[in-house]
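What follows is a single structure, written as structure tokens, with notes after it.
Each value in this text was obtained by applying a stated rule to the coordinates, not by laboratory testing. On a predicted model such as this, the values are computed, not experimentally measured, just so you know. Every residue, glycine as well, gets a Cβ built from its backbone with ideal geometry; the counts of neighbours run over all protein chains shown.
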Amino acid sequence: MILEGYVGEVNDSQKKSLEVVLRNITKLGKLIEDILDLSRIEAGRIKLAFEHMNINGIVKEAIITQDSSATNKDIEISTKLADLPDIVGDPERLGQVIGNLLNNAIKFSKESGKVIIETKCLDIEGKENILFSITDYGIGISKADHEKLFKPFSQIDTSMGREQAGTGLGLAIVRGIIHAHNGKVWIDSESGNGAIFYFAIPTGQKVIEKEASYIR
């Protein structure tokens with residue numbers, strides 16, 4: 001309302017200051033949400049509302065949500081989505097996972113880069129799984145830092161500014177949610193050669209309400 005001048009005229013200098021304040025408020029709100037989510041996961045008190053769902057629909061929604069971020073960096077998002085069976089999962093939480101991974105891929109990609117999202121079926125230890133992968137061609141991550149990525153508040157040296165580095169909470173939350181779906185999450189990357197993040201969730205699970213546990 002203030003920015004739109006409803007409470008009086010706002011000059012350009014004031015508008016810029018208010019825009020900075022609003023961005024910081026948004027970031028603070030997201031940080032608080034992440035801290036609450038992680039604390040619930042670690043305490044085993046985050047409830048998942050499982051239902052039959054198709055992961056491809058969640059992917060498409062996440063792309064729409066992140067479209068402005070990709071456009072701002074002139075990043076092309078392409079998809080290779082297989083014809084998949086439904087899985088049992090929490091659509092909201094899996095949307096959070098995919099949105100987080102896509103946001104990271106965009107954030108750490110170079111201007112005018114490309115991000116590829118792929119889904120397919122995969123047999124893991126004799127069980128059918130849905131495999132999701134997201135590939136970026138950005139700065140990459142050294143193998144020594146792979147496990148560190150998924151630990152709360154852990155940050156690695158990306159040679160990027162603090163704003164790009166984030167809080168170190170997002171991937172810890174991703175791991176907690178995927179593990180609560182009896183799934184796995186991992187990364188394939190080397191420094192300077194981009195990154196591929198994967199998660200796999202088994203098909204054929206029952207519809208239940210489940211609390212997520214954080215696996216260290």
Problem set entry | FRET E, pair residue 67, residue 127, Förster distance 30 Å, beta-carbon r, rounded to 0.05 | 0.30
Problem set entry | Rounded FRET efficiency, nearest 0.05, which uses the C-beta distance separating residue 191 from residue 120 and R0 of 41 Å | 0.90
Seminar exercise, completed: Stretched fully, the stretch from residue 147 through residue 60 gains (0.36 nm per residue minus C-alpha distance, one decimal, in nm) 28.5 nm
Exercise. How much length, in nm to one decimal, is gained on full extension between residue 83 and residue 206, taken as 0.36 nm per residue of separation minus their Cα-Cα distance?
Worked result: 42.2 nm
Exercise. Residue separation times 0.36 nm, minus the C-alpha to C-alpha distance between residue 76 and residue 111: what's the value?
Worked result: 11.6 nm
Exercise. Hey, what do the phi angles of the range 133-148 turn into as Karplus ³J(HN,Hα) couplings, whole Hz, using 6.51/-1.76/1.60 and θ = phi - 60°, x for Gly and Pro?
Worked result: 9, 9, 10, 10, 10, x, 6, x, 9, 5, 4, 5, 9, 4, 5, 4
For this session: List every residue whose amide H lies under 5 Å from the amide H of residue 169, counting only residues 5 or more places away in sequence or on a different chain, with H placed 1.01 Å from N in the peptide plane.
Result: 153
